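Here is the structure we will look at.
The values are calculated or read from the model by the stated rules, or taken from the named source; none is laboratory data. Remember, predicted model here, so these are calculated numbers, not experimental data. Here Cβ is always computed from backbone atoms with ideal geometry, including for glycine, and neighbour counts include all displayed protein chains.
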């Protein structure tokens, strides 16, 4: 984007991504005016469809690569429309050998995509498009504002209710929880359900939209829900406190604290959650002008 000779872009300040189990199904990146965060979810089947470490890892990697390639496109909405077509086509090619590709076997991904544009009065214009519970922490005159898509929250509450007070071994999903997740996924990309990137169901245009004015050089945080457990599960920080620590370069310390807290509740009894350790990713960036 060029206005009177001025261009705007993101630069990376800090980033870290840790695997929760066998394969990291998160993704994060930036190029030019765009930055993104991805949280993949594999279908509930033990049979793998793609050649990735897992189907969700394949999808997250593909989305990451395509967003980098599409970063020169005009506008975030155009990027997402093209991404939908590319995901559908690539998944079709990757699974051409599979006789039955049902919804419960198909991977999906939460996605947050932000774009920076020239602004006025010393500010830059930030806009975001979000599907699922990936998160941006954006500074404003009223404090830190969270951007996220919470349309899946009612379904997540049903899953937590299915867990109840039961402890479970890491890597094991209780049968009642598995049934609830399968039921939840029947509402995937439905008007009365929730929306994510999915190779078999349309989604472009259904994102939640956000806008803000930010100053050049001020940190902006993107994170997956696995990292945001520090706020949303363990209640160790507020959004503002977490943002301040990330902006101060304390991300590795926070990641270590997250894993320590998860290990101290190995059976997920004190803090109910499906996975003892989830993939956890954050990306700290700043917008700037260049010439």
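What residue, among those in region 184-206 that are without any contact (Cβ under 8 Å) to a residue 24 or more places away in the chain and more than 19 Å from residue 91 (Cβ to Cβ), is surrounded by the most Cβ atoms within 10 Å (Cβ to Cβ)?
Our first condition is that a residue be without any contact (Cβ under 8 Å) to a residue 24 or more places away in the chain; within region 184-206, this holds for 189-192.
Remaining after also requiring more than 19 Å from residue 91 (Cβ to Cβ): 190-192.
On the way: 190: 10, 191: 7, 192: 6.
The extreme case among them is 190.
Does residue 209 count as outside any loop (DSSP other than H, G, I, E, B), surrounded by fewer than 18 Cβ atoms within 10 Å (Cβ to Cβ), modelled with pLDDT of 90 or more and in contact with a strand residue (DSSP E or B) (Cβ under 7 Å, 6 or more places away or on another chain)? Can you show your working first?
On the way: outside any loop (DSSP other than H, G, I, E, B): yes; surrounded by fewer than 18 Cβ atoms within 10 Å (Cβ to Cβ): yes; modelled with pLDDT of 90 or more: yes; in contact with a strand residue (DSSP E or B) (Cβ under 7 Å, 6 or more places away or on another chain): yes.
It is true that residue 209 is outside any loop (DSSP other than H, G, I, E, B), surrounded by fewer than 18 Cβ atoms within 10 Å (Cβ to Cβ), modelled with pLDDT of 90 or more and in contact with a strand residue (DSSP E or B) (Cβ under 7 Å, 6 or more places away or on another chain).
Just to verify a result, which residue in region 238-250, among those that are in contact with a helix residue (DSSP H, G or I) (Cβ under 8 Å, 6 or more places away or on another chain) and part of a helix (DSSP H, G or I), is farthest from residue 285 (Cα to Cα)?
Quick first cut of region 238-250, residues in contact with a helix residue (DSSP H, G or I) (Cβ under 8 Å, 6 or more places away or on another chain) only: 238-239, 242, 245-246.
Still in the running and part of a helix (DSSP H, G or I): 239, 242, 245-246.
On the way: 239: 16, 242: 15, 245: 14, 246: 10 Å.
Going through the qualifying residues, I end up with 239.
Could you grab me the full set of residues in region 241-258 that are touching a residue at least 24 places away in the same chain (Cβ under 8 Å) and surrounded by 14 or more Cβ atoms within 10 Å (Cβ to Cβ)?
The initial filter retains those residues of region 241-258 that are touching a residue at least 24 places away in the same chain (Cβ under 8 Å), namely 242-243, 246-247, 249, 251-252, 254-255, 257-258.
Those that are touching a residue at least 24 places away in the same chain (Cβ under 8 Å) and surrounded by 14 or more Cβ atoms within 10 Å (Cβ to Cβ): 242, 243, 246, 247, 251, 254, 255, 257, 258.
Assuming residue 217 fulfils every condition listed in (1) out of contact with any helix residue (DSSP H, G or I) (no Cβ under 6 Å at 6 or more places or on another chain); (2) on the phi < 0 side of the Ramachandran plot apart from one, which condition is it?
Of the numbered conditions (1) out of contact with any helix residue (DSSP H, G or I) (no Cβ under 6 Å at 6 or more places or on another chain); (2) on the phi < 0 side of the Ramachandran plot, the odd one out for residue 217 is (2).
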